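Working notes, beginning with the structure itself.
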Amino acid sequence: MSITLSVGATSVALPADLYWSDELAWHPVGQSATRSVTGALIVQVQATTTAGRPITLAPPVELASWLPRSVLLQLRAWADVPGQVMQLQLHGALRDVMWRHQDGEVITTRPVMPQEGVAPEDAYTATLKLMEV
């Protein structure tokens, strides 16, 4: 199944073998438990959250999921726009997403064949940190 990321009429195709590494690690229910001064348990439960689910797209193995440098430059341009909302087509569903800047670097890359010069067609692997909004 294809994976695309779009802003308006501009779309980029992402490698179909990227996987959503934290898909099952997120829970929409928030909860905290503390003790009162008497030792009683006080549980506070947050209503189901509707946004903020992390979507980390990562290569399944080292040096898989190649992306050309030109695509990474487009992704970097979108990441440099504060509050940029994008549409992610993943697993047959369309999701509105933003970059997770609060988690540090949003795009980590590694060249497949490190070399001295760079060209738009040079291949890289990348991990993308997004969140559903």
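The values are calculated or read from the model by the stated rules, or taken from the named source; none is laboratory data. All values derive from a computational prediction rather than experimental measurement. FYI the Cβ positions are ideal-geometry reconstructions off the backbone, even for glycines, and counts take in every protein chain you see. Please note that ligands, DNA and RNA were not included when accessible areas were found on the heavy atoms of the full protein model with its side chains. Shrake-Rupley method; radii C 1.70, N 1.55, O 1.52, S 1.80 Å.
Matching residues to (1) in contact with a strand residue (DSSP E or B) (Cβ under 7 Å, 6 or more places away or on another chain); (2) open to solvent by 30 Å² or more (accessible area, probe 1.4 Å); (3) among the β-branched types (Val, Ile, Thr); (4) at negative phi:
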site	(1), (2), (3), (4)
VAL43	yes, yes, yes, yes
THR50	no, yes, yes, yes
ILE55	yes, no, yes, yes
ARG69	yes, yes, no, yes
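Applying the set (1) closer than 22 Å to TYR124 by Cα; (2) in a loop (DSSP other than H, G, I, E, B); (3) in contact with a strand residue (DSSP E or B) (Cβ under 8 Å, 6 or more places away or on another chain) to ALA13 leaves exactly one unmet item: (2). If you go through region 78-114 and pick out every residue that is under 16 Å from VAL7 (Cα atoms) and in contact with a strand residue (DSSP E or B) (Cβ under 8 Å, 6 or more places away or on another chain), you end up with 16.
Annotation: VAL97 fulfils all but one of (1) open to solvent by less than 40 Å² (accessible area, probe 1.4 Å); (2) more than 13 Å from the chain's Cα centre (by Cα); (3) under 18 Å from VAL12 (Cα atoms); the unmet one is (2).
For region 30-38, indicate whether the set of residues that are under 30 Å from ARG69 (Cα atoms) and part of a loop (DSSP other than H, G, I, E, B) is non-empty.
no
Do the conditions hold for ILE107, that is, is it open to solvent by less than 40 Å² (accessible area, probe 1.4 Å), within 17 Å of LYS129 (Cα to Cα) and touching a helix residue (DSSP H, G or I) at 6+ places or on another chain (Cβ under 8 Å)? The answer is yes for ILE107. Candidates in region 119-133 are the residues that are assigned to a strand (DSSP E or B) and closer than 12 Å to THR109 by Cβ; of these, the one that is nearest to the chain's Cα centre (by Cα) is LEU128. Tallying residues that are in contact (Cβ under 8 Å) with a residue 60 or more places away in the chain and loosely packed, with under 12 Cβ neighbours inside 10 Å within region 1-41 yields 3. The residues of region 47-78 that are in a loop (DSSP other than H, G, I, E, B) and not hydrophobic (A, V, I, L, M, F, W, C), listed by number, are THR48, THR49, THR50, GLY52, ARG53, PRO59, PRO60, GLU62, SER65. GLN115 meets the conditions (1) under 19 Å from HIS27 (Cβ atoms); (2) of a type in the set (S, T, N, Q); (3) open to solvent by 40 Å² or more (accessible area, probe 1.4 Å) in every case but one. The failed one is (1).
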